[in-house]
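The values are calculated or read from the model by the stated rules, or taken from the named source; none is laboratory data. Everything quoted here is computed from the prediction, not taken from an experiment. Note that each Cβ is placed from the backbone with ideal geometry, even for glycine, and that neighbours are counted across all protein chains shown. Note: areas computed on protein heavy atoms with side chains; ligands, DNA, RNA excluded. Shrake-Rupley method; radii C 1.70, N 1.55, O 1.52, S 1.80 Å.
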Amino acid sequence: VQGTVTLQTSEPVPGSSLVSILESILSVNNAALVDAGGMFKIVPADQAIRGGGRLRTAQGSAAQSPGAQVMVVPLRHISATEVEKLLAPFAPPGGVMRVDPRRGLVILGGTRSEVAAMVDVIDTFDVDWLAGMSFGLFPIRSTAAKTMVDELEKVFGDQSEGPLAGVVRFVPIERLNSILVISPR
């Protein structure tokens with residue numbers, strides 16, 4: 001690994017930030033820090049994860065340990081293939097190493113800050129969007145469910161742009177001739 005770096009700070013740098021600064025400097029020079037059993041090595045960036053990145057399964061331990069690492073992230077409420085699409089603009093090259101849709105796992109790799117940033121994105125989208133929602137299924141006897149939803153939208157406003165957009169949603173279930181009403185309140 002070769003490279004020249006000039007680092008200048010306007011204020012003293014706290015000791016807790018030195019490893020992060022070193023990792024940033026190494027990243028600029030296509031190198032990475034790797035924990036090799038209590039010793040740290042500097043290796044080319046493309047060899048860091050596969051050549052010695054430590055496996056992590058919990059964000060807490062990843063945030064504390066410097067160097068390249070691999071993290072297995074189990075998903076609770078979103079599919080692994082959907083997370084892969086969402087991470088694409090945020091992940092460094094090779095950051096999303098593998099997606100396992102069958103087990104609901106995403107395997108991430110990179111420096112601790114890169115992995116932490118990708119986990120933050122996952123945590124933003126891996127939420128139970130049904131939590132706290134109220135649902136009601138109302139059978140319709142005098143007309144078709146689709147017709148009733150059209151009439152309700154006239155009364156309450158369009159579901160996407162009206163005054164109650166996002167508050168109440170009407171879904172016709174034609175097979176049951178019923179309306180499913182969904183609301184976060």
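Summed over the range 159-176, residues that are assigned to a loop (DSSP other than H, G, I, E, B) and either within 27 Å of His77 (Cα to Cα) or open to solvent by 50 Å² or more (accessible area, probe 1.4 Å) (or both) total 9. Screening the range 82-103 for residues that are closer than 22 Å to Ala131 by Cα and out of contact with any strand residue (DSSP E or B) (no Cβ under 6 Å at 6 or more places or on another chain) and picking the one that is least open to solvent (accessible area, probe 1.4 Å) gives Leu86. Look at (1) touching a residue at least 24 places away in the same chain (Cβ under 8 Å); (2) part of a strand (DSSP E or B); (3) open to solvent by 70 Å² or more (accessible area, probe 1.4 Å) and you find that Arg76 fails only one, number (2).
Applying the condition of being closer than 22 Å to Val70 by Cβ and of a type outside the set (Gly, Ala, Ser) to the range 1-24 and asking which residue is surrounded by the most Cβ atoms within 10 Å (Cβ to Cβ) yields Glu23.
One line per residue, one yes/no per condition, for (1) of a type in the set (Gly, Ala, Ser); (2) touching a Pro at 6+ places or on another chain (Cβ under 9 Å); (3) at pLDDT 75 or above:
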position	(1), (2), (3)
Thr57	no, yes, no
Ser65	yes, no, no
Leu105	no, yes, yes
Ala116	yes, no, yes
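Exactly one residue out of Ser24, Ser61, Ser20 is within 21 Å of Met118 (Cβ to Cβ), assigned to a helix (DSSP H, G or I), under 23 Å from the mean Cα position of the chain (by Cα) and at pLDDT below 75, and it is Ser61. In the range 148-170, the residues that are under 21 Å from Gly132 (Cα atoms) reach residues that are β-branched (Val, Ile, Thr) and assigned to a loop (DSSP other than H, G, I, E, B) with C-beta atoms within less than 8 angstrom, at least six apart or across chains, in these pairs: Gln159/Val168.
Conditions (1) surrounded by fewer than 12 Cβ atoms within 10 Å (Cβ to Cβ); (2) β-branched (Val, Ile, Thr); (3) touching a strand residue (DSSP E or B) at 6+ places or on another chain (Cβ under 8 Å), marked per residue:
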residue	(1), (2), (3)
Thr124	yes, yes, no
Thr147	no, yes, no
Gly157	no, no, no
Ile182	no, yes, yes
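For Gly51, are the conditions met, namely being modelled with pLDDT under 85, open to solvent by 40 Å² or more (accessible area, probe 1.4 Å), in a helix (DSSP H, G or I) and in contact with a strand residue (DSSP E or B) (Cβ under 7 Å, 6 or more places away or on another chain)? Criteria met by Gly51. Meeting the requirement of 2 or more residues that are over 30 Å from Leu176 (Cα atoms) and touching a residue at least 40 places away in the same chain (Cβ under 8 Å), the strands (runs of 3 or more DSSP E) wholly within the range 79-145 are 105-110.
Here Phe40 meets each of (1) modelled with pLDDT of 75 or more; (2) in a strand (DSSP E or B); (3) closer than 17 Å to Leu105 by Cα; (4) open to solvent by 40 Å² or more (accessible area, probe 1.4 Å) with one exception, condition (3). Within the range 1-28, the residues that satisfy the criterion of being within 15 Å of Gly110 (Cα to Cα) and not β-branched (Val, Ile, Thr) are Ser20, Leu22, Glu23, Ser24, Leu26, Ser27.
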